[in-house]
Amino acid sequence: MKINFSSIKKLSNQKNMLKTTLTFILLIFSFSCVFSQNAADVNENIPQEISDGPYIFIEPNNLVEKTIVDGKVVSKILDKNAFDTVFTAETETFKNVKNIAALSDIHGQYDLAVELLKNNKIIDKNLNWNFGKGHLVLVGDIFDRGSKVNEMLWLLYKLENQAKKKGGKVHFLLGNHEYMVLHQDLRYINEKYKTTSTLLNLPYDKLYSNKTVLGRWLRSKPTMIKINNSVFVHGGISKDFLAQKNFNIDEINDTMRKSIDRSKKEMKSTNFYDEYYGKKSLIWYRGYFNDNLQDTEISEILNHIKSEHIIVGHCSNEEVVQLFDGKIYGVDSSIKKGKYGEILFIENNQYSRRMLDGQRKPFTGNAALKVDID
Ligand code: ZN
């Protein structure tokens with residue numbers, strides 16, 4: 001048998017070359033893997049990747065849940081009964097309530113609000129209702145400025161159901177910032193929500209449209225309520241507002257509710273916009289803090305509305321304040337700054353300030369007022 005050594009040598013050379021090339025390719029490949037792995041790690045540390053939601057959209061046959069997790073949209077189809085989609089407005093006058101707690105102007109400061117509610121035992125450590133038959137009143141302005149608006153809304157949504165089962169109540173009154181967002185005035189939304197809006201490919205106000213669970217829930221909410229002898233409203237009740245109409249809380253709430261889906265242009269074509277959205281309206285009025293009103297003028301307003309106290313937010317102070325000998329209380333304690341906040345407690349008709357750490361404190365009087373707008 002004749003062996004062709006030269007062709008074997010040739011073959012072996014070719015094999016070696018192939019081996020070297022393959023090794024080289026493998027080496028490059030593993031290098032690039034290591035490199036791209038490092039690049040991915042670096043990207044994950046960039047805090048641009050927000051988390052937000054859920055936003056629940058109502059479709060004809062089901063619900064669609066959209067959540068943003070680390071900058072990525074996660075969509076889920078839910079059964080149409082997974083959430084309530086019909087919310088009916090209620091009569092907004094309540095009597096014989098022993099315990100009431102009120103705060104306002106949270107403006108997306110969810111973590112601080114949770115701490116305040118926990119330390120004052122309105123919720124427990126697992127964020128469940130702990131206020132028994134008490135009534136918790138949110139006197140407007142949960143939207144805008146801060147970055148955890150959606151979290152706050154879902155917390156209230158949950159607490160509302162839990163409170164109902166215990167004979168208690170959560171009242172979320174709409175403030176000027178709720179109405180601004182619902183009327184597409186998005187000047188004050190947090191940067192985070194611009195990203196959410198881009199990722200979900202919807203204008204921010206459409207995340208709370210009539211085709212969403214929270215949007216419908218919001219549209220059932222009042223602007224003003226009365227509990228015992230106190231009226232709660234975000235801005236306040238001005239003489240000018242009262243001059244225009246009979247004071248009927250349910251009718252006024254109904255008018256405000258219906259105005260949510262009316263265009264500004266349509267409302268501005270009559271004097272409606274001035275009355276309900278102007279400077280002296282329920283949601284924008286600042287007269288108790290800014291107008292040097294006389295005690296008798298406040299008494300006239302209270303006589304007109306057949307109440308003894310009005311509790312408002314909208315003008316920020318450093319604490320919960322008592323004005324006009326306890327006829328007016330201001331509960332916007334600047335939670336929006338994200339550092340400190342208080343709650344007004346009304347227990348058996350006794351009014352007190354409750355601090356962030358849960359301590360009770362007396363009112364310091366008008367001298368401490370440093371009013372800021374909201
Ligand atoms: Zn306000």
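Observations, loosely collected:
- Here the dipole of the stretch 93-361 is about 920 debye; that uses its Cα centre as origin and unit charges on the Cβ of Lys and Arg (positive) and Asp and Glu (negative).
- Anchor Lys125: lysines whose Cα lies under 17 Å away (excluding residues fewer than 8 positions away in-chain): Lys158
- Under-5 Å amide H pairs with Lys327, H placed in peptide plane, nonlocal only: none
- Stretchable slack from Asn61 to Asn161, in nm (0.36 nm times residue separation minus alpha-carbon distance): 33.5 nm
- P(r) weight above 21 Å for the stretch 215-289, C-alpha pairs, percent: 25 percent
- Neighbourhood net charge (12 Å Cβ-Cβ; Lys/Arg +1, Asp/Glu -1) for Gln162: +3
- Rounded to the nearest Hz, the phi-derived 3J(HN,Hα) couplings of the stretch 332-349 under the Karplus curve 6.51 cos²θ - 1.76 cosθ + 1.60 (θ = phi - 60°) are 7, 9, 6, 4, 4, 6, x, 10, 8, x, 9, 10, 8, 10, 10, 10, 6, 6, where x marks glycine and proline.
- Sorted peptide list for 116-126, 293-303, 324-334, 307-317, criterion being average Cβ within 10 angstrom, highest first: 307-317, 324-334, 116-126, 293-303
- Largest-first principal axis extents, alpha carbons of the stretch 61-208, Å: 47, 34, 32
- Per-peptide packing, taken as the mean over residues of other Cβ atoms within 10 Å, places 82-95, 63-76 in the sequence 63-76, 82-95 from highest down.
- Using the Stokes-Einstein relation with a Kirkwood hydrodynamic radius computed over Cα pairs, the translational diffusion coefficient of the stretch 158-216 at 10 °C and a viscosity of 1.306 mPa s comes to 121 µm²/s.
- Gyration tensor (alpha-carbon) shape descriptor, the stretch 251-332, a/c threshold 1.5: prolate
- Summing charges over all other residues whose Cβ lies under 12 Å from the Cβ of Tyr329, with Lys and Arg as +1 and Asp and Glu as -1, gives -3.
- Environment charge of Tyr179, counting only residues whose C-beta is closer than 12 Å and scoring Lys/Arg +1, Asp/Glu -1: -1
- Packing, taken as the mean count of other beta carbons within 10 Å per residue, orders the peptides 268-275, 340-347, 153-160 from highest to lowest as 340-347, 153-160, 268-275.
- The overall shape of the stretch 101-187, judged from the alpha-carbon gyration tensor, is prolate: a/c is not under 1.5, and a/b is greater than b/c.
- Listed residue pairs exceeding 25 Å between alpha carbons, taken from Lys121/Lys148; Lys66/Lys169; Lys121/Lys166; Lys66/Lys121; Lys239/Lys361: Lys66/Lys169; Lys66/Lys121; Lys239/Lys361
- Between the beta carbons of Asn119 and Leu242, assuming R0 = 30 Å, the FRET efficiency works out to 0.20 to the nearest 0.05.
- The phi-based Karplus calculation (6.51 cos²θ - 1.76 cosθ + 1.60; θ = phi - 60°) puts the 3J(HN,Hα) values of the stretch 82-95 at 5, 9, 5, 10, 10, 10, 9, 6, 10, 5, 10, 10, 10, 10 Hz, whole numbers, x for Gly and Pro.
- Taking every protein chain into account, the accessible area of the stretch 231-374 amounts to 47 square angstrom per residue (probe 1.4 Å).
- Pairs of Cα atoms in the stretch 93-361 fall into 5 Å distance bins, from 0 up to the last occupied one, in shares of 1, 6, 13, 18, 20, 17, 13, 8, 3, 1, 0 percent.
The values are calculated or read from the model by the stated rules, or taken from the named source; none is laboratory data. Bear in mind the structure is a predicted one, so any value in this text is a computation, not a measurement. Cβ atoms come from the backbone with ideal geometry, glycine included; neighbour counts cover every protein chain shown. Quick note on the areas: whole protein, heavy atoms, side chains included, nothing else; ligands and nucleic acids left out. Shrake-Rupley method; radii C 1.70, N 1.55, O 1.52, S 1.80 Å.
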